[in-house]
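Everything on this sheet refers to the single structure shown next.
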Amino acid sequence: MSDLKVTLIQTQLHWEDIAANLRMFDEKINAIPGRTEVIVLPEMFSTGFSMQSEKLAETMDGSAVQWMKRKAAEKNVIITGSLIIRDNDRYVNRLVWMQPNGVYGTYDKRHLFGYAGEQEHYQPGDRRLIAQVKGWKINLSICYDLRFPVWARNVIVPETGAPAYDVLINVANWPERRSLAWETLLQARAIENQCYVVGLNRVGNDGNNIYHRGDSSVIDPLGEIVYRRSHDEDIFTCTLERARLQEVREKLPFLKDADKFQVF
């Protein structure tokens, strides 16, 4: 497992305008300086956090997923972010992990944000997605999932003797009014799971005049802040260090002492 370069794109979003957002992200990805290996986009990056599921949903053959496929191939990079997707008769908040060869994985948001009525417009997922790149195992989650530590719990896999994952990525539309929770939970998830955490949030007002200040962050396995940016748009590339991860886990092997339980 070698070091991994991850780029966070913290940006405003064009409210419920798929074409405008795809054009914007096309330009921002083209502007990334140097080489990167994973590009992280916000929750519902093509629309903003909208409850207009029937109006805005696309299928997996729709314009946003096809754009991800083309852009990942063009830049030889993995692109991940969530979209409003219609899957047969279900509407889901679906994170797509798009690889350069066009092969992708998906994760449907498990915890729907009841305070905003998300459960009235979308159906929850029931499985985690742990992707792999360059030997790194990456657990993918969406916004409100961050509040539920059991769903993110890292465990030692008996067959390998190694933790189930090395990085937790969370893509979000997390409002400023709860920014303290966002910052605290990102660090807590890193500390308790002995992993890197990458939290990517949007900035600016959405169509409901709810302000988001970003606070996109990279947190190391001891909970130390490697990167955090508030209020402004930003494109930032961070190197996740294999040696740092291994050092923390070897010196402080806490995961082996964790409680055993199952999630149903």
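None of Thr36, Thr47, Thr59 is of a type outside the set (Asp, Glu), surrounded by fewer than 19 Cβ atoms within 10 Å (Cβ to Cβ) and touching a residue at least 24 places away in the same chain (Cβ under 8 Å) except Thr59.
Can you tell me which residue within the stretch 1-10, out of those that are under 16 Å from the mean Cα position of the chain (by Cα) and not basic (Lys, Arg), is surrounded by the fewest Cβ atoms within 10 Å (Cβ to Cβ)? Only one residue tops the list, namely Leu4.
If the Cβ limit is 6 Å and pairs must be 6+ apart or interchain, which residue in the stretch 121-145 that is under 19 Å from Met51 (Cα atoms) and aromatic (Phe, Trp, Tyr) pairs with which residue that is modelled with pLDDT of 95 or more and assigned to a loop (DSSP other than H, G, I, E, B)? Between residues of the stretch 121-145 that are under 19 Å from Met51 (Cα atoms) and aromatic (Phe, Trp, Tyr) and residues that are modelled with pLDDT of 95 or more and assigned to a loop (DSSP other than H, G, I, E, B), the close pairs are Tyr122/Leu112; Tyr144/His111; Tyr144/Phe113. If only residues of the stretch 161-213 that are among the basic types (Lys, Arg) and in a helix (DSSP H, G or I) are counted, the one that is farthest from Pro253 (Cα to Cα) is Arg177.
Summed over the stretch 102-137, residues that are in a loop (DSSP other than H, G, I, E, B) and among the aromatic types (Phe, Trp, Tyr) total 2.
For the stretch 95-130, which positions are under 12 Å from the mean Cα position of the chain (by Cα) and not hydroxyl-bearing (Ser, Thr, Tyr)?
Leu95, Val96, Trp97, Asp108, Lys109, Leu129, Ile130
Restricting the stretch 195-252 to residues that are acidic (Asp, Glu) and touching a helix residue (DSSP H, G or I) at 6+ places or on another chain (Cβ under 7 Å) leaves a set whose member that is nearest to Ala152 (Cα to Cα) is Asp220.
Note on the stretch 11-33: residues that are surrounded by 24 or more Cβ atoms within 10 Å (Cβ to Cβ) and either aliphatic (A, V, I, L, M) or touching a strand residue (DSSP E or B) at 6+ places or on another chain (Cβ under 6 Å) (or both) total 1. Of all residues assigned to the stretch 247-264, at least one qualifies as being in contact (Cβ under 8 Å) with a residue 60 or more places away in the chain and within 22 Å of Lys5 (Cβ to Cβ). Test Gly117 against the stated conditions and say whether it is of a type in the set (Gly, Ala, Ser) and surrounded by fewer than 16 Cβ atoms within 10 Å (Cβ to Cβ). Here the answer is yes, as Gly117 does meet what is asked. Has the stretch 94-101 got at least one residue that is assigned to a strand (DSSP E or B), under 24 Å from Gln132 (Cβ atoms), touching a Pro at 6+ places or on another chain (Cβ under 8 Å) and of a type outside the set (Asp, Glu)? No, there is no match, as no residue in the stretch 94-101 is assigned to a strand (DSSP E or B), under 24 Å from Gln132 (Cβ atoms), touching a Pro at 6+ places or on another chain (Cβ under 8 Å) and of a type outside the set (Asp, Glu).
Considering the stretch 40-66, and only residues there that are among the charged types (D, E, K, R) and part of a loop (DSSP other than H, G, I, E, B), the residue that is nearest to Leu95 (Cα to Cα) turns out to be Glu43.
Residues in the stretch 190-211 that are within 18 Å of Phe25 (Cβ to Cβ), buried (at least 24 other Cβ atoms within 10 Å of the Cβ) and of a type outside the set (S, T, N, Q): 3 in all.
A quick yes/no check of all residues on (1) out of contact with any strand residue (DSSP E or B) (no Cβ under 9 Å at 6 or more places or on another chain); (2) surrounded by 13 or more Cβ atoms within 10 Å (Cβ to Cβ); (3) among the charged types (D, E, K, R); (4) under 30 Å from Asp126 (Cβ atoms):
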{"site": "Arg213", "(1), (2), (3), (4)": "no, yes, yes, no"}
{"site": "Val226", "(1), (2), (3), (4)": "no, yes, no, no"}
{"site": "Phe236", "(1), (2), (3), (4)": "no, yes, no, no"}
{"site": "Ala243", "(1), (2), (3), (4)": "yes, no, no, no"}
{"site": "Lys256", "(1), (2), (3), (4)": "no, no, yes, yes"}
{"site": "Asp259", "(1), (2), (3), (4)": "yes, no, yes, yes"}
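The values are calculated or read from the model by the stated rules, or taken from the named source; none is laboratory data. Values in this document were obtained by computation on a predicted structure and should not be read as measured data. Here the Cβ is made from the backbone with ideal geometry for all residues, glycine too, and neighbour counts use every protein chain on show.
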